[in-house]
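**Q** One structure is given below, represented as structure tokens, and several questions about it will come after.
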Amino acid sequence: MSQPNFKHFPKIRNHLFEIVFGTETRSGKLFDIVLLWAIVLSVVSVMLESVKEIRESYDTVFVILEWFFTVLFSIEYLLRLFITAKPKKYAFSFFGIVDLLATLPTYITLFMAGGSYLVVIRSLRLLRIFRILKLGRYLREASVLSNALAASRYKIFVFLGAVFTLAMIMGTLMYMIEGGESGFTSIPRSIYWAIVTITTVGYGDIAPQTVTGQAFASLLMLMGYAIIAVPTGIVTTEIAQAERNKKTEESDKRSCAACGKKGHDEDAIFCKSCSAKL
């Protein structure tokens, strides 16, 4: 994020902007590292608190930790609103909403205490897990993965349509072959069995009893292994392409001051055209 021009803001805002949003300065990197560890530790605390034995033994510790992380992330949230040039835009952005959801549940418990509402309050506190989503802003690979998924979305939709069509056909055939005696009481229930079988989950709540039905089931199970490989190949190809595009964009940003040649490698020291130092 480029630094805005705070003409009518104090210098402290420019300095805080470099720390909170900047990653080039030492203080900015330190802020990111501290925030990353705080996010990870807060999520680990939430997970450990869900274990009954641990919660009963260290209830006070978890309360202290929860308020510590809540206050810390509240300060961070208010700080981002204070230093950004468009606080409303940040507040309604994806990460702005995530930051808010990460802090609200603890404050809600202050105003909704007692009686039958305790169970509801406890479930609201599970929203603290949204803190883990704050990690996304620090991951370069997240953009590569999102670009790959976006590029392969049409292929995946076509693939899912083909799989669902196959499940409907096989489910209908199994309904005709097995019938209600084997648990295939309706076509939707038979389609459910086909989807479970294709995905190789196999709950075992419904199973064909006739030889013909078992033959169809065996064929569907083998097809399931082949089907799983299709989306994997699609997404893997797109990820590799997105990674190449990312490296190309980064290399295009590096141009030689002497000859203007672009497309240098990220770790290049000299220009590949005129040998001038980059």
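Bear in mind that the values in this text are calculations on the coordinates, not laboratory data. Everything numeric in this text was worked out from a predicted model, so none of it was measured. Every residue, glycine as well, gets a Cβ built from its backbone with ideal geometry; the counts of neighbours run over all protein chains shown.
**Q** Of the cross-linked pairs LYS29/LYS155; LYS29/LYS246; LYS11/LYS86; LYS246/LYS277; LYS134/LYS277, which ones have a Cα-Cα span greater than 27 Å in the structure shown? Walk me through the intermediate numbers first.
**A** Details: LYS29/LYS155 39 Å; LYS29/LYS246 22 Å; LYS11/LYS86 17 Å; LYS246/LYS277 24 Å; LYS134/LYS277 38 Å.
Those over the limit are LYS29/LYS155; LYS134/LYS277.
**Q** Something else: Which whole-number percent of Cα pairs in segment 11-138 have a distance greater than 25 Å?
**A** Here the tail beyond 25 Å accounts for 29 percent of pairs.
**Q** Can I ask one more? In whole Hz, what ³J(HN,Hα) sequence does segment 188-204 give by Karplus (6.51, -1.76, 1.60; θ = phi - 60°), x for Gly and Pro?
**A** Per residue, the Karplus-derived 3J(HN,Hα) values read x, 5, 5, 5, 4, 4, 5, 5, 4, 6, 4, 7, 6, 7, x, 5, x Hz.
**Q** Take the Cβ-Cβ distance between SER273 and LEU160 as r, set R0 to 41 Å, and report the resulting FRET efficiency rounded to the nearest 0.05. Write down the numbers at each step before the final one.
**A** Working: r = 48 Å, r/R0 = 1.16.
It comes to 0.30.
**Q** Note down the magnitude of the dipole of segment 151-253 about its Cα centre, charges +1 on Lys and Arg C-beta and -1 on Asp and Glu C-beta and zero elsewhere, to the nearest 20 debye.
**A** On the way: 7 positive and 8 negative charges, 53 e Å.
It comes to approximately 260 debye.
**Q** Near the amide H of SER152, under 5 Å away, which other amide H atoms are found, from residues 5 or more places off or on another chain, if H is placed in the peptide plane?
**A** Answer set, sorted by chain and number: none.
**Q** Within the set of other residues whose C-beta is less than 15 Å from the C-beta of ARG189, count the net charge using Lys and Arg as +1 and Asp and Glu as -1.
**A** Values: positive: none; negative: GLU178, GLU181, ASP205.
So the environment of ARG189 carries a net charge of -3.
**Q** Could you pull out the chymotrypsin sites (Phe, Trp or Tyr not before Pro) across segment 203-244 that fall in loop regions by DSSP (anything but H, G, I, E, B) with no more than 15 other Cβ atoms inside 10 Å? Walk me through the intermediate numbers first.
**A** Numbers: sites: TYR203, PHE216, TYR225; in loops: TYR203.
Filter output for segment 203-244: TYR203.
**Q** Please give the length that would be gained between THR60 and LEU135 if that part of the chain were fully extended, namely 0.36 nm times their separation in residues minus their C-alpha to C-alpha distance (nm, one decimal). It would help to have the intermediate numbers written out before the result.
**A** Numbers: separation 75, 0.36 × 75 = 27.00 nm, distance 2.73 nm.
Fully extending the segment from THR60 to LEU135 adds 24.3 nm.
**Q** Determine the relative contact order of segment 11-138: mean sequence separation of Cα pairs under 8 Å and six or more apart, normalised by residue count, in whole percent.
**A** Worked out over segment 11-138, it gives 26 percent.
**Q** Which value, in Å³ per residue, describes the convex hull spanned by the Cα atoms of segment 151-253? Intermediate values should be presented prior to the final figure.
**A** On the way: hull volume 8.7 nm³, N = 103.
Cα-based convex hull of segment 151-253, divided per residue, equals 85 Å³.
**Q** Could you tell me the relative contact order of segment 151-253? Use alpha-carbon pairs under 8 Å, at least six residues apart, and round to a whole percent. Write down the numbers at each step before the final one.
**A** Working: 80 pairs, mean separation 27.8, N = 103.
Normalised by residue count, the contact order of segment 151-253 is 27 percent.
**Q** Per residue of segment 49-55, in order, report the coupling 6.51 cos²θ - 1.76 cosθ + 1.60 (Karplus, θ = phi - 60°) as ³J(HN,Hα) in whole Hz, putting x for Gly and Pro.
**A** Rounded to whole hertz, the list is 5, 6, 7, 4, 4, 5, 4.
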